[in-house]
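J.: Here it is, the structure, as structure tokens.
The values are calculated or read from the model by the stated rules, or taken from the named source; none is laboratory data. Predicted, not measured: the structure shown is a model, and the values here were computed from it. Note that each Cβ is placed from the backbone with ideal geometry, even for glycine, and that neighbours are counted across all protein chains shown. Each accessible area value is taken on the protein alone, full model and side chains, heavy atoms only, with ligands, DNA and RNA left out. Shrake-Rupley method; radii C 1.70, N 1.55, O 1.52, S 1.80 Å.
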Amino acid sequence: MAEGGYNDPRTITAVIAAAISFIAAALSAYFNYLSRRTSHTSIKIARFNAQQSERARILSWGQEAMDAISAVYILLLMPSTDSFLDKRKDCLSKLTSLIDRGRWLLPNLQHTSYGKNKESAYTGFRQAPLDDLVDVYDILFAADSIQECPRIVAKVMKSKRRFASAIQEKLEPRAVEADLKKLGDGIK
């Protein structure tokens with residue numbers, strides 16, 4: 001038997017070794033592809049989860065603010081002479097707290113170019129939801145008697161609706177659905 005022929009054990013071993021090497025390289029490339037794809041999907045999921053966490057914080061604050069605005073609206077819609085000023089004071093206290101806490105979630109815009117003489121949380125321009133909350137505060141603050149309620153209740157309702165719309169824009173519920181669909185399509 002001649003050495004180096006097709007029946008030679010060294011040739012057969014070399015062919016088998018080459019085939020195993022090719023299969024190993026192909027499997028390595030395939031698993032590398034899967035790993036990159038999984039890593040990319042994991043990054044997308046982490047980004048989505050971070051966005052959801054931020055949305056949840058804004059939603060929680062927005063719900064509390066909407067409750068406070070609704071309390072002001074009802075106070076003005078059906079004022080009681082017995083306790084109007086006490087309820088007004090409680091509502092104002094709640095609103096001012098919500099306004100300041102809202103600054104943590106919705107920082108002012110153009111903070112580097114406007115109001116530089118103020119504390120950092122107050123530089124720049126308020127975002128729309130905070131503007132609406134401040135409007136409700138200002139309307140209620142100016143109402144120092146029950147006789148003013150019928151005149152200003154419509155102003156509070158207008159601010160309430162603007163606030164609801166501004167929060168919805170921040171939460172982007174339609175974008176959440178689209179992001180979920182993209183994540184689902186990417187996992188397949």
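J.: Among the candidates P129, P107, single out the residue that is under 21 Å from the mean Cα position of the chain (by Cα) and open to solvent by 20 Å² or more (accessible area, probe 1.4 Å).
T.: P107
J.: Looking at G62, G124 in this structure, which one is touching a residue at least 12 places away in the same chain (Cβ under 8 Å), open to solvent by less than 80 Å² (accessible area, probe 1.4 Å) and within 18 Å of the chain's Cα centre (by Cα)?
T.: G62
J.: Let me confirm something: among L130, L76, L105, which residue is touching a Lys or Arg at 6+ places or on another chain (Cβ under 8 Å) and either closer than 22 Å to K155 by Cα or of a type outside the set (A, V, I, L, M, F, W, C) (or both)?
T.: Going through L130, L76, L105 in turn, just one is touching a Lys or Arg at 6+ places or on another chain (Cβ under 8 Å) and either closer than 22 Å to K155 by Cα or of a type outside the set (A, V, I, L, M, F, W, C) (or both): L130.
J.: Is it the case that some residue within the range 124-137 is farther than 26 Å from P173 by Cα and in contact with a strand residue (DSSP E or B) (Cβ under 8 Å, 6 or more places away or on another chain)?
T.: To start, the set of residues in the range 124-137 that are farther than 26 Å from P173 by Cα comprises 124, 137.
Checking the rest, the ones that are also in contact with a strand residue (DSSP E or B) (Cβ under 8 Å, 6 or more places away or on another chain) come to 124.
The answer is yes; a qualifying residue exists.
J.: From T81, T41, which residue is at pLDDT below 90, over 26 Å from the mean Cα position of the chain (by Cα) and among the polar types (S, T, N, Q)?
T.: Of T81, T41, the one residue that is at pLDDT below 90, over 26 Å from the mean Cα position of the chain (by Cα) and among the polar types (S, T, N, Q) is T81.
J.: With respect to the numbered conditions (1) surrounded by 14 or more Cβ atoms within 10 Å (Cβ to Cβ); (2) at pLDDT below 90; (3) under 29 Å from D86 (Cβ atoms), which one is the sole condition not fulfilled by D144?
T.: (1)
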